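Report on one structure; see the data block that follows.
The values are calculated or read from the model by the stated rules, or taken from the named source; none is laboratory data. Treat the numbers as computed from the prediction; the structure is a model and nothing was measured. Don't worry about glycine lacking a Cβ; one is built from the backbone with ideal geometry, like all the others, and counts go over all protein chains shown. Heavy atoms of the whole protein, side chains included, go into the accessibility calculation; ligands, DNA and RNA do not. Shrake-Rupley method; radii C 1.70, N 1.55, O 1.52, S 1.80 Å.
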Amino acid sequence: MGRLAQTDGLTEIQRDILATVREFVDKEIIPVATELEHKDEYPAAIVEGMKQLGLFGLTIPEEYGGLGESLLTYALVVEEIARGWMSVSGIVNTHFIVAHMINAHGTPEQKEYFLPRMAAGEIRGAFSMSEPGLGSDVAAISTKGVKDGESYVLNGQKMWLTNGGTSTLVAVLCKTDEGGSTPYKNMTAFLIEKTPGFGPNPAVPGLTVPGKIEKMGYKGVDTTELVLQDVRVPADRILGGVPGRGFYQMMDGVEVGRVNVAARGCGVARRAFELGIAYAQQRTTFGKRIAEHQAIQFKLAEMATKVEAAHQMMVMAARKKDGGERNDLEAGMAKYLASEYCKEVVEDSFRIHGGYGFSKEYEIERLYREAPMLLIGEGTAEIQKMIVGRRLLEEYRAAE
């Protein structure tokens, strides 16, 4: 392991966890990732291995059977997994977000019911906020929940669910229109248990997962729609038990997700750098290895600097959240920087590979198709810049 992307101040337990995950990635993920990705095959054996390692309970408190680790540990683990195959990090990402939301906002009964089984990997979570016509405008959601006795009846269509088919628990954001003064106070998050699979769900009448969305990259993990037609959900499955808090609960989850996407960008960029610097020392042109050409050395220097900068920004954002501080500024910066730098580092590595980078036999081809997803996942660059800009104006408000 090189000197890039090291993290100061880790505990012995954190170092041991990362060493274990790194070994798992090198032995169990990297050797099979390209083949599984080209087949668009769900990595069932890898997921089972992660269950055995306890990774699905990484951030869940020990009282519920988890490891009780911090957001920083989670982010560093995700970085290592994404270095092996970004799709696998997507499998754990939405699970972590839903577990975080339940732990932070759930009722005692919801925590007792869900978290132990989530820690064991028996329940795996999916996160459902976006809709086909929604984009970044969350206030415009149209999926609606109407109170009917002790239940709510849900109707609408959701989009871009990672783990939509394979998950067994979905956190779904709906409009409930129960008297809030703004659109954001009229949204509610519902916890819906379902069976894995596609088509009409046998456990939840009216709920359908139509099938996998075909994607340019980010294959293996299933990305789906979710259709709700008169789906009846008990009122005790409102996250936190009180309607109207869903937007704020989801945004808390998205902050965690933005740190995750930053970590994924760091992992993919680091792998692209590793592939590029290795290939540059193997390939010979004009009588010497291309790593000896100054132009390639400049490119490697720029790539390494971007890998390091993105990693340190991601670590700072995670530590802010762990310290109980507001971190939307740092999470937005980290997500923006890491995803943009990831794209640039991957492209530079692709260029170093020359014509071979265009071949499916080389790993960089897969990374080149995966990196664009990070530019839009958990909010586009433009959304991150809006968040960062508004926070900066709050911090540096001029005297009137």
With the first residue restricted to the stretch 281-310 and required to be in contact (Cβ under 8 Å) with a residue 40 or more places away in the chain, and the second required to be open to solvent by less than 30 Å² (accessible area, probe 1.4 Å) and of a type in the set (S, T, N, Q), Cβ contacts under 9 Å at 6 or more apart or on different chains are 299/349; 303/349; 310/339
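Given the residues 59, 7, which is the only one that is among the β-branched types (Val, Ile, Thr) and either loosely packed, with under 11 Cβ neighbours inside 10 Å or touching a Phe, Trp or Tyr at 6+ places or on another chain (Cβ under 8 Å) (or both)?
Values: 7 fails: either loosely packed, with under 11 Cβ neighbours inside 10 Å or touching a Phe, Trp or Tyr at 6+ places or on another chain (Cβ under 8 Å) (or both).
Residue meeting the stated conditions: 59.
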Restricting to the stretch 330-347, name every residue that is open to solvent by 20 Å² or more (accessible area, probe 1.4 Å) and either over 21 Å from residue 382 (Cβ atoms) or among the aliphatic types (A, V, I, L, M) (or both). 333, 337
Unique residue being among the hydroxyl-bearing types (Ser, Thr, Tyr) and touching a strand residue (DSSP E or B) at 6+ places or on another chain (Cβ under 7 Å) when the list is 11, 94: 94
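With the requirement that a residue be closer than 17 Å to residue 129 by Cβ, under 21 Å from the mean Cα position of the chain (by Cα) and not β-branched (Val, Ile, Thr), what does the stretch 195-217 give you? First the steps, then the outcome.
Looking only at the stretch 195-217, we keep the residues that are closer than 17 Å to residue 129 by Cβ, and these are 207, 209, 213.
Filter again for under 21 Å from the mean Cα position of the chain (by Cα), leaving 209, 213.
Selection gives nothing.
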Could you grab me the full set of residues in the stretch 132-149 that are open to solvent by less than 20 Å² (accessible area, probe 1.4 Å), touching a Leu at 6+ places or on another chain (Cβ under 9 Å) and part of a loop (DSSP other than H, G, I, E, B)? 141, 143
For the stretch 189-242, which residues satisfy the criterion of being in a loop (DSSP other than H, G, I, E, B) and of a type in the set (Phe, Trp, Tyr)? 198, 218
Note on the stretch 370-400: residues assigned to a loop (DSSP other than H, G, I, E, B) and open to solvent by 30 Å² or more (accessible area, probe 1.4 Å) are 378, 380, 396, 397, 398, 399, 400
Go through (1) under 18 Å from the mean Cα position of the chain (by Cα); (2) closer than 24 Å to residue 84 by Cα; (3) among the hydrophobic types (A, V, I, L, M, F, W, C) for residue 383 and report which single condition fails. (2)
Give the stretch 228-284 a look and list any residue that's more than 20 Å from residue 155 (Cα to Cα), open to solvent by less than 10 Å² (accessible area, probe 1.4 Å) and small (Gly, Ala, Ser), or say none. 253, 257, 262, 263, 265, 267, 269, 272, 276, 280
Which condition number in (1) over 25 Å from residue 311 (Cβ atoms); (2) modelled with pLDDT of 95 or more; (3) open to solvent by 10 Å² or more (accessible area, probe 1.4 Å); (4) of a type outside the set (Asp, Glu) is the one that residue 83 fails? (1)
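Would it be correct to say that residue 310 is buried (at least 20 other Cβ atoms within 10 Å of the Cβ) and either more than 30 Å from residue 9 (Cβ to Cβ) or β-branched (Val, Ile, Thr) (or both)? Walk me through how you get there before you give the answer.
On the way: buried (at least 20 other Cβ atoms within 10 Å of the Cβ): yes; either more than 30 Å from residue 9 (Cβ to Cβ) or β-branched (Val, Ile, Thr) (or both): no.
So residue 310 does not fit the description; no.
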If you go through the stretch 56-90 one residue at a time, how many are assigned to a helix (DSSP H, G or I), β-branched (Val, Ile, Thr) and more than 17 Å from residue 367 (Cα to Cα)? 2
When residues of the stretch 318-369 are filtered for being in a loop (DSSP other than H, G, I, E, B) and over 21 Å from residue 219 (Cα atoms), how many remain? 5
Is it true that some residue in the stretch 153-173 is open to solvent by 20 Å² or more (accessible area, probe 1.4 Å), without any contact (Cβ under 8 Å) to a residue 12 or more places away in the chain and either in contact with a strand residue (DSSP E or B) (Cβ under 7 Å, 6 or more places away or on another chain) or part of a loop (DSSP other than H, G, I, E, B) (or both)? no
